[in-house]
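To start, the structure itself, in structure tokens.
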Amino acid sequence: MSKFALDDQKWMQRAIELAHLSEGYTRPNPPVGAVIVKEGRVIGEGRHECVGYDHAEAAAIKACTESAEGATIYVTLEPCSTYGRTPPCTERIIKAGIKRVVIGCQDSFEQHCGEGNRILTANGIEVLSDVCADECCDLATPFFKHVVTKLPYLTLKIGMTLDGCIADRNSCSQWITGEAARAEVQRIRRRADAMLVGSQTICADNPSLLSRIGGGERLLRIVIDSKGIIPASAQVLTDSAADRTFVFSSQSVSEDKVAAWTRNGASVLRLDVDEDGRLPLTSVMQTLGEMDLMHVVCEGGGGLAGALHNAGLIDEYCLFYAPAVLGDTGAKRGFVCDDVQTLHDMRRMKIRDVRMIGNDICVRMLKG
């Protein structure tokens, strides 16, 4: 049983719902939701919609239908306490006369960590922390990773059979998982800052990598193509969002190829390859971090997944298993790792949750 009152959990859940609406829109800031409650009634709600816009607390205060004096504010992340693009939220809360602040998780940003709580308490405001902490931290984890390391948080998503196949030997992958799992993938895309795939995925599936459920208007597409093999006719290079596509390739890719890829607005970033002819994935992730991307989702294929795994760059594994076995040694695998590993060397993860989604199983694991 939770140590927190049911009402506090209920209103924090509403703040979490609001924050989820902002995922994919706020980079380099975290998605945050806030709810103001007075005498058991919601009098104001808000969320941080986009960088430069009001933070969630200020938006909720502005939306109040009556004075917030004496009210409680529920916010998914510790209120900021410094001046930036907007005034500090602690100042707005104090000025509004709010007497109680319920916080989901503490800010990991060094300038803010614990400082908001201290300022509020020093001004006679009751502060309660860690309500629905796991869910609130999930919302802010990409921000925490980026603000501390300057790298994006990387989620690997794979749909596969129980024996680890992502496609048959003819590269046919549609469809291994069911409709419910595919709908969940669309929700993952909508919440991300960028989708990442390898050249083989573009050549085999010609995906759009966009969200089909609405939202995601700022979603970027990142393609890793060291050999310059993706066709200029690929969806990611020709559709209405082509200017949100970035292709990482080698210095040896021809100027004609670059011109064909960029004809509709896509960008090409050329890097030096290693001795095996591969692009340095750590450098790719550093570049994406410099672009202020907080959350990148990789959808394969197996070679890219294996390389990212070997490099230790994956923060979260989101694996969808269909109740099926392909049983073919020539089928395409979810992880293609060139490094020979023993059980002793094997990297172990921590299971975050396991869910049934339709007739499939989703296993979510975090880096150990």
> Per residue and in Å³, how big is the convex hull formed by the alpha-carbon atoms of region 225-277?
Replying inline: 61
> For labels at LYS3 and ASP292 in the simple 7 Å Cα→Cβ model, what's the distance in nm?
Replying inline: 3.8
> For the chain, what is the convex hull volume of its Cα atoms per residue in Å³?
Replying inline: 160
> What is the packing order of peptides 73-82, 22-31, 323-332, taking the mean over residues of other C-beta atoms within 10 Å and listing the highest first?
Replying inline: 73-82, 22-31, 323-332
>> Using 0.36 nm times the number of residues separating SER254 and ARG169, minus their current alpha carbon distance, what extension gain do you get?
In response: 27.5 nm
>> Could you work out the relative contact order of the chain? I mean the mean sequence separation of Cα pairs under 8 Å and 6+ apart, divided by the number of residues, in percent.
In response: 16
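May I ask you to derive the FRET efficiency for ALA311 and THR82 from their Cβ-Cβ distance with R0 = 45 Å, giving the value to the nearest 0.05? List each step's numbers first, then the result.
Details: r = 35 Å, r/R0 = 0.77.
Working from the Cβ atoms, E equals 0.85.
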> trypsin sites (Lys or Arg not before Pro) within region 10-92: which are DSSP loop residues with at most 10 other Cβ atoms inside 10 Å?
Replying inline: ARG85
> Taking amide H positions as placed 1.01 Å from N in the peptide plane, with prolines and chain starts having none, which residues 5 or more places from ILE222, or on another chain, fall under 5 Å of its amide H?
Replying inline: MET195, LEU196, VAL197, PHE246
> In 10 Å bins starting at 0, how do the alpha-carbon pair distances of region 220-368 split up by percent?
Replying inline: 9, 32, 35, 20, 4
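Could you tell me the calculated FRET efficiency between GLN13 and LEU128, based on Cβ-Cβ distance and R0 = 22 angstrom, to the nearest 0.05? The partial results should precede the final answer.
Numbers: r = 15 Å, r/R0 = 0.68.
FRET efficiency, GLN13 to LEU128: 0.90.
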> Around SER250, which amide H atoms from residues at least 5 apart in sequence, or from another chain, sit under 5 Å from its own amide H, with H modelled in the peptide plane?
Replying inline: GLY228, LEU271
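So for region 82-237, Kirkwood radius off the Cα pairs, Stokes-Einstein at 25 °C and 0.890 mPa s: how many µm² s⁻¹? Can you show the working numbers first?
Numbers: Rh = 19.4 Å.
Estimated diffusion coefficient is 127 µm²/s.
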> For region 169-221, what is the relative contact order in percent, using Cα pairs closer than 8 Å and at least 6 residues apart in sequence?
Replying inline: 43
> Three principal axis extents, largest first, for the C-alpha atoms of region 142-186, in Å?
Replying inline: 42, 23, 16
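Roughly how compact is region 170-215, stated as its Cα Rg over 2.2 N^0.38 Å to two decimals?
On the way: Rg = 11.4 Å, N = 46, 2.2 N^0.38 = 9.4 Å.
Computed over Cα atoms of region 170-215, the ratio equals 1.21.
Pull out the extension gain between LYS367 and LEU269, defined as 0.36 nm times the separation in residues minus the alpha carbon to alpha carbon distance; nm, one decimal.
Residue separation times 0.36 nm, minus the Cα-Cα distance, leaves 32.4 nm.
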>> On C-alpha positions alone, give me the angle between the axis of helix 179-191 and the longest principal axis of the chain, in degrees, nearest 10.
In response: 60
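Readers should treat all values here as calculations from the given coordinates under stated rules, not as data from a laboratory. Only a predicted model underlies this, so the values are computations on that prediction, with no experimental measurement involved. Glycine also receives a Cβ, built like all others from the backbone with ideal geometry; neighbour counts cover every protein chain displayed.
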